[in-house]
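To start, the structure under review is shown below, and the notes come after it.
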Amino acid sequence: PLTEIDRWKATELRLFLLYIGKIVLKDILPTEFYNHFLILSHALTLLISLKYVNILSNITIARKLLIQFIINGKELYGMPFLVYNVHSLLHLVDDSERLGNLDSFSAFPFENYLQKLKKIVRGGRSPLKQIINYLNSENLINHDLIKVGNIYKYPNNSFLLENNTVCEILPNSLADNIN
């Protein structure tokens, strides 16, 4: 529901901005606020579309719409509206000119993984170190590391020795070809 918009994932916000919001907000928002929303929605639709972003006139239209969105936002919401994120919208046009449609350089594919990383961090101290340590141990677990005596064995016939060197047991046919 709209009451929980602060909990939505970026992909849900994207869906709302590009598709659903145009329908849902039509009878909810006053006309000037609805039209303001439509300006942003249309500008980003032009920048997201593979079909539209490669046409120079559409880039120009998207830039003008985003400038209009910012100007109207200042009028509708006052100076607090003009935060860094709103300013960054203008740079999306430049990025789309250089890199293509927004989806070609989006971070959406990583959004779900971010939740996993957040769960790894157990306190505010050294979060990066916590993540790295966890991922290193996770890699060992995912590779089915087995301890045999004082030696750790990987399933690919590799062994981690006590002195932290790795040796691999090769079949005779491969071992004969090594110089």
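The table below gives the values:
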{"read-out": "Residue 86 accessible area, 1.4 Å probe, all protein chains in place, Å² to nearest 10", "value": "20 Å²"}
{"read-out": "Histogram of C-alpha separations across segment 1-127, 5 Å bin width, %", "value": "2, 9, 16, 19, 20, 15, 10, 6, 3, 1"}
{"read-out": "Accessible surface, per residue, of segment 40-129 when the full set of protein chains is kept, probe 1.4 Å, Å²", "value": "68 Å²"}
{"read-out": "Length released on extending from residue 22 to residue 6, taking residue separation times 0.36 nm less the Cα-Cα span", "value": "3.9 nm"}
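The values are calculated or read from the model by the stated rules, or taken from the named source; none is laboratory data. Please read these numbers as outputs of a predicted model, since none were measured by experiment. Calculation scope for accessible area: heavy atoms of the full protein, side chains included, ligands and nucleic acids excluded. Shrake-Rupley method; radii C 1.70, N 1.55, O 1.52, S 1.80 Å.
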